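Q: Please find one structure pasted underneath; my questions will follow.
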2 protein chains.
Amino acid sequence: MDHTVTSSAEPALIALDWGTSSLRGFLMDGEAGILAERASAHGIQNLPQPGPAGFEAALAGLCGDWLDAYPSLPVVAGGMVGSAQGWVEAPYVATPADAATLAGHAARVKTAAGRVIPIAPGVLHDAPDGIPDVMRGEEIQIAGALAENADWARNACVAMPGTHSKWVRVADGRITGFSSYMTGELFAVLKTHSLLGRLMPADREASPEDEDEAFAIGIRAAQAAGPGDLPHQLFATRTLGLTKRLPAESLAHYLSGLLIGHELRSGLAALRTEFPADTPLLLIGDPRLCRRYTRGLAGFGVTPTAQLGNTAPRGLFQFAAAAGLLPSAAASAGPAVTASITSAP
Amino acid sequence: MDHTVTSSAEPALIALDWGTSSLRGFLMDGEAGILAERASAHGIQNLPQPGPAGFEAALAGLCGDWLDAYPSLPVVAGGMVGSAQGWVEAPYVATPADAATLAGHAARVKTAAGRVIPIAPGVLHDAPDGIPDVMRGEEIQIAGALAENADWARNACVAMPGTHSKWVRVADGRITGFSSYMTGELFAVLKTHSLLGRLMPADREASPEDEDEAFAIGIRAAQAAGPGDLPHQLFATRTLGLTKRLPAESLAHYLSGLLIGHELRSGLAALRTEFPADTPLLLIGDPRLCRRYTRGLAGFGVTPTAQLGNTAPRGLFQFAAAAGLLPSAAASAGPAVTASITSAP
């Protein structure tokens, strides 16, 4: 993928969003505008060769020409590249955390060509119940989202659907707490490896109406659930299929609604009890998944304040600015740079 | 395995407990005593050859000599052998159901030698929430348990820990309702196929003290859970390991406590709200697993009334009696035939 945006602006930053399964590079100008972007499958678990040389090779493969053309341009990175399995480990920083905290605790790696790349740390939250929680990569997306709107920076709840969804509390520009939910991984593991997937056909899709209905049944089951009921309600994915109360093609959508519904039930309970009234609820994530969450939220009578696209480049820009790698004017909040911000219906 | 019990009693029944992964045969006398028992790995998913001939071969392999020695002895079977993937399908019967209901809806298969074997059906319960639930095999164990104690037959809650645990309501000698929990399968699938298993060492065991502590932390987390919190609490299996708050060897025990705790939370809530006060709580299942549940129940301040061993042979005997295959006197409730019934501590 190589999208080059026509612009007369000068490049000011090479930003790397480096995850488990993909590497994305952004050539950015001094106002957080994206001049060009590229992606490869060279996530940290899929490098072209093992060890540090694999990271070098993946980086050179994706944007060696940028590095050559702009030898003095700063390069920053965030995501799993800073994990224990990454290029260099950037240990978690504790909440509360903002872009300045991330910059102050960045790890640094020096390339063979002598370029120093700061890598953002993840964030650790110690919940009052004594159970710690961690994120790595989402803190960069949050920094990007908050740069887009000063109201959100003051106070917001950010729901980030995914393999390990995050519900993040933001106050005074900082991440003050968060909870992870294994929703996406539970869905994938149960569908692929448990009895529940056996009745799901691999070669047929539910009609949109059947999909909606099965998803809604899952959401309603979650709304009716008492504490501890999920392991029982999961089994219904099988019995609804065995008894043909739901078409086989719909079973995955019941399971999806049930799991997302449980996450929403828990996340919204925290939103209602632990956040100020009228706290904006933002959704950040894959657009298709966000639509699913928006449908689920509607079942709870909740409309998200906004659904954001990929805020990682903007977050990496904020991280670079906080690290002193950009002219100081660039660090201030400007207009939204992603075209993908949309108001929720 | 071949245990032959010295007895002068005459054989009256060959009872087959035929599950997914094992086949157990019992030579029983006219008072439900076990004269001999045998087991093989020829469960319905592991037959010596495909199709009906595989069932014939497995049966002949396990107890061909019994069949030859007692050509007129009745043979009955229960468990997954009656499922859609079994020898012949015995479709589910609806609650309420007792041994007579099972006998009245038995499927029958005729062996090559001309012997007719009644196979017990499973049971389907239509819960008030519109979600159906099913069991197959447990209904036989329940019939066996109720034959051991007339008080339990009148009113009991039977918890059956396992891959798909069952919490069963018994009233007036019949199964009147039940809920399945995917607890055992969730544990296995998450440990083997999810991120949660990655930090669990395959080659080291927790000390008994560490195991107890981690299990108790999981139970307490379940006790503190609000609706929908499980997908978040599961993630703590990872974060407790990442942050070294729990030794890696303990993580599986936290996960076990968390999942069992959720099942207990839900099952006990139903016991308290939907059953008469002072309803006996019986545990039936693998003794090691039952010990885990007993420890979990203690965290909830609950002591099970009794823990039973393998009640399937006695249940198959009740099924055979209800089917009219035994002298009528044999169908009455007698003393406990399994030596494994123990009072809980």
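Q: Write out, first by first residue and then by second, each pair whose Cβ atoms fall under 6 Å of each other, whose residues are 6+ apart or on separate chains, and whose first residue, in the stretch A:224-245, is closer than 17 Å to B:Ser266 by Cβ and within 7 Å of another protein chain (Cβ to nearest Cβ) while the second is part of a helix (DSSP H, G or I) and basic (Lys, Arg).
A: A:Pro227/B:Arg265; A:Gly228/B:Arg265
Q: Based on what the data block shows, is B:Ala58 in a strand (DSSP E or B), assigned by TED's automatic domain parsing to the domain that holds B:Pro121 and crowded, with 19+ Cβ neighbours inside 10 Å?
A: Numbers: in a strand (DSSP E or B): no; assigned by TED's automatic domain parsing to the domain that holds B:Pro121: yes; crowded, with 19+ Cβ neighbours inside 10 Å: yes.
No: the conditions fail for B:Ala58.
Q: Please work out if B:Ala216 is in contact with a helix residue (DSSP H, G or I) (Cβ under 7 Å, 6 or more places away or on another chain), facing chain A (nearest Cβ under 9 Å) and either surrounded by 19 or more Cβ atoms within 10 Å (Cβ to Cβ) or outside any loop (DSSP other than H, G, I, E, B) (or both). Break it down stepwise before answering.
A: Numbers: in contact with a helix residue (DSSP H, G or I) (Cβ under 7 Å, 6 or more places away or on another chain): yes; facing chain A (nearest Cβ under 9 Å): no; either surrounded by 19 or more Cβ atoms within 10 Å (Cβ to Cβ) or outside any loop (DSSP other than H, G, I, E, B) (or both): yes.
Criteria not met by B:Ala216.
Q: Among the residues of the stretch A:146-169, are any free of Cβ contacts under 8 Å to residues at least 24 places away in the same chain, within 14 Å of chain B (Cβ to nearest Cβ) and within 16 Å of the chain's Cα centre (by Cα)?
A: yes
Q: Sticking with this structure for a sec: Being surrounded by 23 or more Cβ atoms within 10 Å (Cβ to Cβ) and not in a helix (DSSP H, G or I) is the filter here; which residues of the stretch B:290-325 pass it?
A: B:Leu308, B:Thr311 - these are the residues of the stretch B:290-325 that are surrounded by 23 or more Cβ atoms within 10 Å (Cβ to Cβ) and not in a helix (DSSP H, G or I).
Q: Give all pairs with beta carbons closer than 7 Å in which a residue from the stretch A:273-286 that is on the phi > 0 side of the Ramachandran plot meets a residue that is surrounded by 17 or more Cβ atoms within 10 Å (Cβ to Cβ); count only pairs at least 6 apart in sequence or on separate chains.
A: Cβ pairs passing all conditions: A:Gly285/A:Met160; A:Gly285/A:Pro161; A:Gly285/A:Gly162.
Q: So the check is Cβ under 8 Å with 6+ separation or different chains; which pairs have a first residue in the stretch B:28-56 that's in contact (Cβ under 8 Å) with a residue 40 or more places away in the chain and a second one that's acidic (Asp, Glu)?
A: Matching pairs, first to second residue: B:Gly30/B:Glu10; B:Glu37/B:Asp2.
Q: Out of the residues in the stretch A:181-208 meeting the condition of being touching a Ser or Thr at 6+ places or on another chain (Cβ under 7 Å) and hydroxyl-bearing (Ser, Thr, Tyr), tell me which one is nearest to A:Cys290 (Cα to Cα).
A: Residue satisfying both the conditions and the ranking: A:Thr183.
Q: Hey, another quick one. Out of all the residues in the stretch A:266-289, which are part of a helix (DSSP H, G or I) and crowded, with 21+ Cβ neighbours inside 10 Å?
A: Answer for the stretch A:266-289, where residues must be part of a helix (DSSP H, G or I) and crowded, with 21+ Cβ neighbours inside 10 Å: A:Ser266, A:Gly267.
Q: Looking only at the stretch A:285-316, count every residue that is polar (S, T, N, Q) and under 30 Å from A:Met28 (Cα atoms) and tell me the total.
A: The initial filter retains those residues of the stretch A:285-316 that are polar (S, T, N, Q), namely A:294, A:303, A:305, A:307, A:310-311.
Filter once more, so that each one left must be under 30 Å from A:Met28 (Cα atoms): A:305, A:307, A:310-311.
The total comes to 4.
Q: Out of curiosity, is A:Lys191 within 13 Å of chain B (Cβ to nearest Cβ), under 22 Å from A:Asp278 (Cα atoms) and not acidic (Asp, Glu)?
A: no
Q: Of everything in the stretch A:246-276, what is farther than 16 Å from A:Leu230 by Cα and of a type in the set (Val, Ile, Thr)? Give them in sequence order.
A: Hit for the stretch A:246-276 is A:Thr273, nothing else.
Q: Which residues, counting only those in the stretch A:160-180, are farther than 20 Å from B:Arg238 by Cβ and outside any loop (DSSP other than H, G, I, E, B)?
A: First, pick out the residues of the stretch A:160-180 that are farther than 20 Å from B:Arg238 by Cβ: A:169-174, A:176.
A:Arg169, A:Val170, A:Ala171, A:Arg174, A:Thr176 - these are the residues of the stretch A:160-180 that are farther than 20 Å from B:Arg238 by Cβ and outside any loop (DSSP other than H, G, I, E, B).
Q: For the stretch A:130-143, which positions are at the interface with chain B (Cβ under 9 Å from one of its Cβ atoms) and either over 11 Å from B:Ala236 (Cα atoms) or touching a residue at least 24 places away in the same chain (Cβ under 8 Å) (or both)?
A: Residues satisfying the conditions are A:Asp133, A:Val134.
The values are calculated or read from the model by the stated rules, or taken from the named source; none is laboratory data. Since the structure is predicted, the reported quantities are computational estimates derived from the model, not experimental observations. All Cβ positions, glycine included, derive from the backbone under ideal geometry; neighbour counts span all protein chains shown.
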